[in-house]
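This report refers to the structure that appears directly beneath it.
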Amino acid sequence: MSVKRTRLLAVSVVVLAAVGQLLAGPGRSDAAPTGWKYTMVGFSNGTDRAMDVYGSSDGTQFKPVRKGAYRPPTGRVRDPSVFRNTDGMYYVTYTTADGANIGFARSRDRVNWTPIGNYPVPFCCALLPGTGDGTGSMNIPGSSGSAALKSAPSLSPFTTKAWAPEWFVEGGRVHVVLSMSTGGGFVPYVMTALEPSLRLWSMPVPIAGIGADHIDTTIVKVGATYHAFTKNETHKYVQHAVSSKLAGPYRFVAPGDWGSFVEGPAVTQLPNGAWRIYLDAYKAGKYVYSDSTDGMRTWSPVRELPGLSGSVRHFGVMRERG
């Protein structure tokens, strides 16, 4: 009997030890993630028909995940924006440069991408305010565009361009902020996904307060405030506006000293809690960034992004738990 008890005790110890390893070991599926992981998607100076993917743990030092990771069946893949949905898949939306279409693709691993297809933005938006570029289309000598005055409504219901789409996700709702033109300057709009596959969207709604001749608008929310960063196409610099609602109205506040001839703002939060804006200094052929440690009230002087400056164009960036 003593031998049997000894064997039984030994087996029990082994079982308990194995269970303990399963519960406490590093392979637990519910183990808390450590650190942050940043994903950057962009196109290169060499081609806008392929999207490159980079990764980082700090938002500064990026390394290739895969260059040429996604090539759409047709058209271009400019100005991509990326997010990870609740289904675990990564999604990108991008400028096709094919009229009023924006493109969509998805991936499980950031390496292999499957096209979802191009989405034709609906005809929009005759007689809505702020959709003209201020140069007019009313047979005024030397004028062109969709409205005679910046404050006038669009005279055309036809969207001719839909560019620079950017994801904005809040409370389980997925939105795309995009720049649209009905023949004149660009105006920011927002569309909302109507079902989980992201194939059906609401009509575009104009974002109030930013106005005509603005492009590359991206929005992040800090506390109860929505922060919009947008390129002023007239003066070629990036502006900063705030609102209590996603669709506005926004009011402009003092931006950082980011210089002129910059575009494609992308904004994310760093591991230390500071906020960072990345900017494509396209005329200088550089990529730069600037940080804010006081809730986007003031910004540090711009610095050149190491490693990738001069090789990537208008990228999108997201962070998630590593």
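Amide H contacts of Ile210 (H built 1.01 Å from N, in plane; Pro and chain starts excluded): Tyr250 sit under 5 Å, all sequence-distant by 5 or more or on other chains. The solvent-accessible area of Glu233, taken with every protein chain present and a 1.4 Å probe, is close to 50 Å². Remark: spin-label model distance Arg71-Ala284 equals 3.4 nm, labels positioned 7 Å along the Cα→Cβ axis.
For the peptides 57-69, 207-219, 236-248, residues were scored by their other Cβ atoms within 10 Å and the scores averaged per peptide; the highest-first order is 207-219, 236-248, 57-69. Inter-label distance, Glu320 to Arg297: 3.4 nm, where each label sits 7 Å from its Cα along the C-beta direction.
When you count the other C-beta atoms within 10 angstrom of each residue and take the mean per peptide, 265-271, 282-288, 174-180 line up highest first as 174-180, 265-271, 282-288. Ranking Asp109, Asp48 from most to least accessible surface, computed with a 1.4 Å probe over the protein chains only, gives Asp109, Asp48. Between the beta carbons of Thr47 and Ser202, assuming R0 = 51 Å, the FRET efficiency works out to 0.95 to the nearest 0.05.
Stretching the chain fully between Ala254 and Thr234 yields a gain of 5.5 nm (0.36 nm per residue, less the alpha carbon separation). The apolar share of the surface of the range 210-258, taken as the fraction of accessible area on carbon and sulfur atoms (1.4 Å probe, ligands and nucleic acids excluded), comes to 52 percent.
The values are calculated or read from the model by the stated rules, or taken from the named source; none is laboratory data. Small disclaimer: the values here were computed from a predicted structure and weren't measured. As a convention, Cβ positions derive from the backbone with ideal geometry for all residues, glycine included, and neighbour counts pool all protein chains shown. In case anyone asks, the SASA skips ligands and DNA or RNA and just uses the protein heavy atoms, side chains included. Shrake-Rupley method; radii C 1.70, N 1.55, O 1.52, S 1.80 Å.
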